[in-house]
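The values are calculated or read from the model by the stated rules, or taken from the named source; none is laboratory data. Because the structure is predicted, anything quoted here is derived from the model rather than measured. Counting neighbours? That spans all protein chains shown, and the Cβs are built from the backbone with ideal geometry, glycine included. For the accessible areas, the whole protein counts, side chains as well, though only heavy atoms, and no ligand, DNA or RNA atoms are used. Shrake-Rupley method; radii C 1.70, N 1.55, O 1.52, S 1.80 Å.
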Amino acid sequence: MQGSSGSGEVLCVVGARPNFMKIAPIMRAFAAAGSGLSARLLHTGQHYDAAMKHAFFEQLNIPEPSIDLEVGSGSHAQQTAEIMKRFEPVLDASRPRAVLVVGDVNSTIACALVAVKKDIPVIHVEAGLRSGDRSMPEEINRVLTDQLSDLLFTTEASALSNLTREGIPAERVHFVGNVMIDTLLFNLQSATPAAESLAGFGVSAAPGEYGLLTLHRPSNVDDPVVLERLLRVLKTISETTPLLFPIHPRTRGRIDDAGLAPLLAESGITAVPPLGYLEMAGLMRDARVVLTDSGGIQEETTALGVPCITLRENTERPITVEEGTNTVVGVDPEAIMACYEDVLATGGKSGRAPQLWDGAAAERIVAVINAWAAEEAA
Ligand code: UD1
């Protein structure tokens, strides 16, 4: 597509926590490239709490966004619409050469949709992942963003097959590896030692003897019956492996609303506020097992070689199961227990780091973007 854009700038968008670790290496790679397009950062404000935002910007050395749309929370329609309304005048004023979006959150689709209708090329990092589950808001965001994108950067081979099936021309797609793993490898040496975090939270388990738990998907936390069933089996697990549970604000709210705080309090699960990136990285690295419904954590545990039990029915990141340490078990208590017991008995699946998860994905992305921009200008 021919953009009618004027500036030599790529406007990079972030909105929610999982975007921050993806944008960090991209901003760094644009700055390091020396020539070609420059990058400017915009934050939609989808995530705004200090724990959900500031800790990441500081720890990952992400430049302060030059624009913050401050949209905050709302229903999906409200949040998406509000981002679109506030993003449009920014594009009118700045006419960037392209808009770069990452991941699959509401900010991703909202900004892509505004840009494409203004004839500004859209670049999608982490394209082509599919869970096949359209009840997941992120799946809708993924499918639509990819349809609107001019350049699509993928992390694993399944993505190209998915995109081809959906009619995306292969020449738009570039397999570059995983920017989330760029960030993990870049920061691992500075990760907060697990022993320090555990002691700080009063957890008496040693490194290698605790589990790390995260839970925030609407399908797991919005229905009190599902949430209670999950918390009960996690409580049983916590009797043999103490669990540390950094709680996302939406999950905290649902647990309180459902009257489940006492169940949590009487278990071996230690609930703590959302953690910074360096604390999470250290805790993941030294965990006996990680239990999660997050997308990114499935990838990070695979890169670290730590067993991951995914509390979902499907994954959009199949390579973590095929080559990595991930097992997708769903939410059936018996299946979760069986998988956990297998990890206890065997130490879990052994895996390997997938192709191109090598810490240099962002450099490859910026090289492709600069070559594309030069070609379009010629
Ligand atoms: C969003 C993403 C999800 C991602 C997750 C990571 C979408 C559709 N979902 O879900 O893919 O895995 O981020 O965290 O974009 N809240 C706060 N403080 C904040 C942000 C949110 O208290 O800084 C609370 C609010 O009650 C809000 C709720 O969390 O209503 C949900 O926030 P929202 O941004 O709508 O979605 P997430 O569940 O965070």
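Every listed requirement among (1) within 16 Å of the ligand (Cβ to nearest atom); (2) within 30 Å of A360 (Cα to Cα); (3) out of contact with any helix residue (DSSP H, G or I) (no Cβ under 8 Å at 6 or more places or on another chain) is met by A195 save one, (1).
A quick yes/no check of all residues on (1) modelled with pLDDT under 95; (2) in a loop (DSSP other than H, G, I, E, B); (3) open to solvent by less than 30 Å² (accessible area, probe 1.4 Å):
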position: R40; (1), (2), (3): no, no, no
position: Y48; (1), (2), (3): yes, yes, no
position: I62; (1), (2), (3): no, yes, yes
position: E70; (1), (2), (3): no, yes, no
position: E88; (1), (2), (3): no, no, no
position: D92; (1), (2), (3): no, no, no
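If you go through the range 81-102 and pick out every residue that is within 16 Å of the ligand (Cβ to nearest atom), in contact (Cβ under 8 Å) with a residue 24 or more places away in the chain and in contact with a Leu (Cβ under 9 Å, 6 or more places away or on another chain), you end up with 4.
Residues that are open to solvent by 20 Å² or more (accessible area, probe 1.4 Å) number at least 2 in the following strands (runs of 3 or more DSSP E) confined to the range 137-213: 173-175. Being away from the ligand (no atom under 16 Å from the Cβ) and either in contact with a Pro (Cβ under 8 Å, 6 or more places away or on another chain) or within 26 Å of E156 (Cα to Cα) (or both) holds for only one residue in M52, M27, M21, and it is M27. The residue pairs whose first member lies in the range 248-276 and is not assigned by TED's automatic domain parsing to the domain that holds F57 and open to solvent by 80 Å² or more (accessible area, probe 1.4 Å), whose second member is within 12 Å of the ligand (Cβ to nearest atom) and in a strand (DSSP E or B), and whose beta carbons are closer than 7 Å, counting only pairs six or more residues apart or on different chains, are P273/P246. Scanning the range 306-331 for residues that are closer than 16 Å to A287 by Cα and among the hydrophobic types (A, V, I, L, M, F, W, C) yields V306, C308, I309. Looking only at residues of the range 277-291 that are of a type in the set (A, V, I, L, M, F, W, C) and open to solvent by less than 20 Å² (accessible area, probe 1.4 Å), we find that the one that is farthest from L243 (Cα to Cα) is A281. Going through (1) away from the ligand (no atom under 16 Å from the Cβ); (2) assigned to a helix (DSSP H, G or I); (3) not hydroxyl-bearing (S, T, Y) one by one, Q78 falls short only on (1). Here V116 fulfils each of the conditions (1) open to solvent by 10 Å² or more (accessible area, probe 1.4 Å); (2) within 15 Å of the ligand (Cβ to nearest atom); (3) not polar (S, T, N, Q) apart from (2). Residue count for the range 214-247 satisfying the condition of being open to solvent by 40 Å² or more (accessible area, probe 1.4 Å), under 14 Å from T292 (Cα atoms) and hydroxyl-bearing (S, T, Y): 1. Just for the range 292-316: of the residues that are touching a Gly at 6+ places or on another chain (Cβ under 6 Å) and surrounded by 22 or more Cβ atoms within 10 Å (Cβ to Cβ), which one is nearest to L198 (Cα to Cα)? Among residues in the range 292-316 that are touching a Gly at 6+ places or on another chain (Cβ under 6 Å) and surrounded by 22 or more Cβ atoms within 10 Å (Cβ to Cβ), the one nearest to L198 (Cα to Cα) is P307.
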